[in-house]
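Report on the structure given below.
The values are calculated or read from the model by the stated rules, or taken from the named source; none is laboratory data. Here the structure is a predicted model, which means the values were calculated and not measured. Note that each Cβ is placed from the backbone with ideal geometry, even for glycine, and that neighbours are counted across all protein chains shown. Each accessible area value is taken on the protein alone, full model and side chains, heavy atoms only, with ligands, DNA and RNA left out. Shrake-Rupley method; radii C 1.70, N 1.55, O 1.52, S 1.80 Å.
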Amino acid sequence: MQEDGRVLHGHGQGHDHDHGQDHGQGHGHGAACGTCTDMLARAERLCRERDLQFTRLRRDVLETVAAAHGPLGAYDIAERLSLPGRRVAAVSVYRALDFLTELGLVHRIASRNAFVSCAHEHGAGEGLVFLICRSCGSIDETTAPEVEAGLHRALDRAGFRPASRILEVEGECGACRDRAQGEAGLAS
């Protein structure tokens, strides 16, 4: 957790450089975000507690997303799960992803129409902010209590009740900015 109350969780795309600065406890996506075994155990526990079925397809989809080094779309997941003579339909993958999203095991990155795994549990009503780097493709997940408070006030004023509160911010991560500045310095 950051000193300001934010928690960062990384979802990189072969993203192995250090973010430094504000990204104190960020970590890589996939196995580094919690082992697949831990994620599967969490999924099984949540399903058992809620009397839900953790089917083979749901398990396979979760394993595939958790093992990825970046966000995956449903068609990418279906392709990875398909075998010669046994094609997995994208519609089935979407159903599994909906289920896993409801349990908080994966998050949808709307701007990418893709999904990332989430090995940690969020508090009730906790909003998420995804910081998406246009240069390296990394996705850091954070909570921002100050943003949440402002958003809550705005929603109250509008009389709007959100089903979810997920913000996506695109830009350039600190590591890419530092690298670009370093390269610019070398070119001088």
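Of note:
- Matching residues, the range 81-114, being in a helix (DSSP H, G or I), open to solvent by 70 Å² or more (accessible area, probe 1.4 Å) and touching a strand residue (DSSP E or B) at 6+ places or on another chain (Cβ under 8 Å): R112
- Checked against the criteria, Q21 counts as surrounded by fewer than 21 Cβ atoms within 10 Å (Cβ to Cβ), touching a Gly at 6+ places or on another chain (Cβ under 6 Å) and either modelled with pLDDT of 95 or more or not assigned by the TED database to the domain that holds R179 (or both).
- Residues in the range 153-187 that are open to solvent by less than 50 Å² (accessible area, probe 1.4 Å), under 16 Å from R134 (Cβ atoms) and not in a helix (DSSP H, G or I): G171, C173.
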